[in-house]
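Here the structure comes first, spelled out in structure tokens, and everything after it is commentary.
The values are calculated or read from the model by the stated rules, or taken from the named source; none is laboratory data. This one's a predicted model, so the numbers in the text were calculated from it and none came from an experiment. Every residue, glycine as well, gets a Cβ built from its backbone with ideal geometry; the counts of neighbours run over all protein chains shown. Remember, those area values only see protein heavy atoms, side chains included, never the ligands or the DNA or RNA. Shrake-Rupley method; radii C 1.70, N 1.55, O 1.52, S 1.80 Å.
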Amino acid sequence: MTDGARPATPAGTTTRDAATHCPYCALQCAMTLRQRGQRVEVLPRQFPTNLGGLCQKGWTAAELLDHPERLTTPLLRDTDGQLRPADWDAALDRVAEGIRDVADRHGRDAVAVFGGGGLTNEKAYALGKFARVALGTRHIDYNGRWCMSSAAAAGLRAFGVDRGLPFPVADLGRAQTVLMVGANPAETMPPLMRHLTEQRRRGGRLIVVDPRLTATARQADLHLQPLPGTDLAMANALLHIALTEGLLDRAYVAERTTGFDEVRRTVAGYWPAEVERLSGVPVADLEATVRALAGVDRAVIVTARGAEQHAKGVDTVTAYINLALALGLPGRPGSGYGCLTGQGNGQGGREHGQKADQLPGYRRIDDPVARAHVAGVWGVDPDSLPGPGVPAYQLLDSLGTATGPKAMLVFGSNPVVSAPRAARITSRLRDLDLLVVADFVRSETAELADVVLPVAQWAEEDGTMTNLEGRVLRRRALREPPPGVRTDLDILATLATRLQGRAPSYRFPDSRGPRQTGFPTEPREWFEELRRASAGGPADYAGVSWERIEADTGVFWPCPDPDGPDSPRLFADGFPTPDGRARFRAVTHRPAAEPVCAEYPLHFTTGRVLAQYQSGAQTRRVEALRRAAPGGFVELHPDLADRLGVTEGQPVRVVSRRGELCAPARLSPTIRPDTVFAPFHWPGAARANSVTNDALDPVSGMPEFKICAVRLEPA
Ligand SMILES: Nc1nc2c(c(=O)[nH]1)N[C@H]1C(S)=C(S)[C@@H](COP(=O)(O)OP(=O)(O)OC[C@H]3O[C@@H](n4cnc5c(=O)[nH]c(N)nc54)[C@H](O)[C@@H]3O)O[C@H]1N2
Ligand SMILES: Nc1nc2c(c(=O)[nH]1)N[C@H]1C(S)=C(S)[C@@H](COP(=O)(O)OP(=O)(O)OC[C@H]3O[C@@H](n4cnc5c(=O)[nH]c(N)nc54)[C@H](O)[C@@H]3O)O[C@H]1N2
Ligand code: SF4
Ligand SMILES: [Mo]
């Protein structure tokens, strides 16, 4: 368990250290955990990503380890409807019997699994295998669908591979121009700003596209403040300007890409003056942006959730990739397009099979060659593997319906707070015959469960994580989990064994124990299997040995050969497409799924604040973070507030066709007067997702978290 921890003992106290990484976001800042008597301290550690920095969430991450609200025993829903402590045997029996019962009555696809982008590579991989082999269900998906799926799909389409940043973060620091579209790293990845500070110290320009003047935009040389949902049109206009001003890299377009002609024809119709009317961004600013990108050797375009969480998210990212390709950026040293992956293992979590359509190594589950390879590693017949399931929102929206799953196991997500149109999803979760939630706290989703299983936290487990750069890192345990708590891998192994013992329909070739069922409990064993399963796939980890990651600046995938190089920078010599060229694709603007109207005249958008993480299940329980960001709020422009008779701090209601939220008004002249913003970290009355739209991107299944129509009124 404590591999990598070393005693550092000043006389008297027992001290031990573990060199690991933060449990939260994809920057995966390096930290040393130090156990000093009963206390665990967090110390920042130098690393190429965080340059010795941590944000407030990282600094306080250890507070949850010995938190009074931490779960240390399973909970079972009693006949009176209450969740009560139970022992592990009773809890696992209830789970295994519930699964068998549902599968017997409705078939194996009636049992679903919902994962998370915070799970280690080993857990994400094990969860995918558990669904396909132990449960035999096609229904598995995860919260990364709401996070990375649009950029992932666009990257795959254009480059033939999806690695969020195809270059190290440090390249941002050396770029002469950085364009950030819908990203607010000053709040969402604060230490990343060190690279941007370095960038500007070297005379580089930072351009930020955001409907709000965020902490990131304040540091920019140029802030474009568009109407939400107009990023695609802007990208097409930027390319239009590049064409008319002769700023294209013609040799690159000719030699390294296909499909430009149609894009050229399409963007010809995107007159900057028209896009100015649509987006509110002045033509002069669009021109300045293109010139800043085209006139330098090293330029980077980055997107994040602001541009991606739309029903046209894939096409919006595609439009920025088109621009990057036309300027010849991808593969040029120090240049390129990338997206900022969000969750701790958002990158690895989307490679190893917890996605509905995917097998490990970023393989497709409908590809017969991939099925044969992975089935070989798993020791099962390829025909026994289920086909593709459905994306996260569709999965959750089908729960408990006539044709949908009747049981679900959740590992690492809190959809009651984070799902779009959350009231509807909450009622779907209530309709299940069996809801099982593995978590270390009583999240809002755990509160609805029939069985809650208490799991180990990051400081109590070994494993690997793949950060936003595609760099595979070691998570190292500082200490054992507290008594009564099990690891996610342990739970999966035990359930796999139990299912075989109890249900004839869940019989395996050999059912003597976890190892024999193919469900070990040691992370390293899983990692070795993951390497074999990913070998030859797009996300190839075959050469990423445990020892090699121990070197401690990690290993960039793809890395097929243990003795060969890894891949910090992609695309220098070609793209992993059949012809080695990147693919342009013409895309066109369309309005938000829900336009504003007389009844709902305002645009509503959502996002994050520095001191809270995601659904807040973890960070709302940390005292310092709760003090820094105690509750939800609605950000609006003072002119709008004036018009509606709203004053600072006054409770307001934000009402959409789906529901409403109620939170104090926060007046700010830095947001567009036609747009209101709320962070999504809180449950209850302030829940932003009571309001959001469940319109989905047709390619990625990404919900339109970033724009819907609302009205605002004093509460
Ligand atoms: N503090 C904190 N940090 C986090 C997280 C967290 O919950 N809290 N979560 C992590 C995860 S999983 C993720 S995915 C990342 C997300 O990281 P970001 O993408 O940086 O975060 P968001 O706040 O969701 O969105 C960024 C910005 O998009 C803007 N925006 C809204 N609508 C539009 C639009 O239509 N166009 C444009 N151009 N911009 C728009 C918002 O005003 C917001 O400032 O953060 C990671 N880091
Ligand atoms: N309106 C709006 N909604 C959004 C977004 C937005 O911008 N606006 N962003 C979306 C995005 S990008 C994301 S990523 C989602 C995230 O939304 P969620 O999926 O709800 O994310 P978390 O709050 O991180 O939930 C993780 C849960 O799993 C638990 N957990 C953490 N680690 C582990 C582990 O290793 N094992 C187990 N078993 N449990 C663990 C935590 O305690 C927590 O309860 O929200 C999406 N929802
Ligand atoms: S930026 Fe992300 S990884 Fe770094 S300390 Fe903050 S939450 Fe943790
Ligand atoms: Mo995310």
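One residue stands out in region 125-148 among those that are open to solvent by 10 Å² or more (accessible area, probe 1.4 Å) and within 16 Å of ligand 4 (Cβ to nearest atom): the one that is farthest from residue 306 (Cα to Cα), namely 143. Residues in region 618-633 that are within 16 Å of ligand 4 (Cβ to nearest atom) and open to solvent by 10 Å² or more (accessible area, probe 1.4 Å): 618 alone. Annotation: of all residues in region 42-51 being farther than 19 Å from residue 611 by Cα and either open to solvent by less than 40 Å² (accessible area, probe 1.4 Å) or within 16 Å of ligand 2 (Cβ to nearest atom) (or both), the one that is farthest from the chain's Cα centre (by Cα) is 45. Looking across 353, 348, 313, 336, one residue alone is under 30 Å from residue 129 (Cβ atoms), touching a residue at least 24 places away in the same chain (Cβ under 8 Å) and touching a Pro at 6+ places or on another chain (Cβ under 6 Å). It is 353. Of the residues screened, residue 574 is not one that is in a loop (DSSP other than H, G, I, E, B), of a type in the set (Gly, Ala, Ser), on the phi > 0 side of the Ramachandran plot and within 16 Å of ligand 1 (Cβ to nearest atom).
Against the criterion of being open to solvent by 10 Å² or more (accessible area, probe 1.4 Å) and either more than 16 Å from ligand 3 (Cβ to nearest atom) or over 12 Å from the mean Cα position of the chain (by Cα) (or both), residue 328 does not qualify. Across region 314-357, the number of residues qualifying as more than 10 Å from ligand 1 (Cβ to nearest atom) and under 29 Å from residue 386 (Cα atoms) comes to 13.
Residue 514 meets all of the listed conditions (1) open to solvent by less than 20 Å² (accessible area, probe 1.4 Å); (2) modelled with pLDDT under 95 but one, namely (1). Number of residues in region 142-195 that are within 16 Å of ligand 3 (Cβ to nearest atom) and among the acidic types (Asp, Glu) equals 1. Among the residues of region 130-146, those identified as under 16 Å from residue 381 (Cβ atoms) and small (Gly, Ala, Ser) are 134, 136. Mind counting the residues in region 305-315 that are open to solvent by less than 10 Å² (accessible area, probe 1.4 Å) and over 14 Å from residue 701 (Cα atoms)? Adding up the residues that qualify gives 1.
Highlighted here are the helices (runs of 4 or more DSSP H) found entirely within region 73-187 that include at least 2 residues which are within 13 Å of residue 339 (Cα to Cα) and of a type in the set (Ser, Thr, Tyr): 149-159. Of all residues in region 205-227, exactly one satisfies the criterion of being assigned to a loop (DSSP other than H, G, I, E, B), open to solvent by less than 10 Å² (accessible area, probe 1.4 Å) and either closer than 13 Å to residue 322 by Cβ or not polar (S, T, N, Q) (or both), namely 226. Of the residues that sit in region 197-234 and are of a type in the set (Gly, Ala, Ser) and in contact with a strand residue (DSSP E or B) (Cβ under 8 Å, 6 or more places away or on another chain), which one is nearest to residue 313 (Cα to Cα)? Filtering first and then ranking leaves 229.
Each residue in region 17-35 was checked for being part of a strand (DSSP E or B), within 16 Å of ligand 1 (Cβ to nearest atom) and open to solvent by 10 Å² or more (accessible area, probe 1.4 Å), and 1 pass.
Here residue 687 fits the description: closer than 24 Å to residue 142 by Cβ and either away from ligand 3 (no atom under 16 Å from the Cβ) or at pLDDT 95 or above (or both).
Just one of the listed residues (180, 189) is over 22 Å from residue 707 (Cβ atoms), within 9 Å of ligand 1 (Cβ to nearest atom) and surrounded by 22 or more Cβ atoms within 10 Å (Cβ to Cβ), and it is 189.
Considering 572, 582, 598, 593, which residue is surrounded by fewer than 14 Cβ atoms within 10 Å (Cβ to Cβ), aliphatic (A, V, I, L, M) and closer than 30 Å to residue 262 by Cα? Among 572, 582, 598, 593, only 572 is surrounded by fewer than 14 Cβ atoms within 10 Å (Cβ to Cβ), aliphatic (A, V, I, L, M) and closer than 30 Å to residue 262 by Cα. Of the helices (runs of 4 or more DSSP H) lying entirely inside region 272-345, those containing at least 2 residues that are closer than 30 Å to residue 413 by Cβ are 305-308, 313-326.
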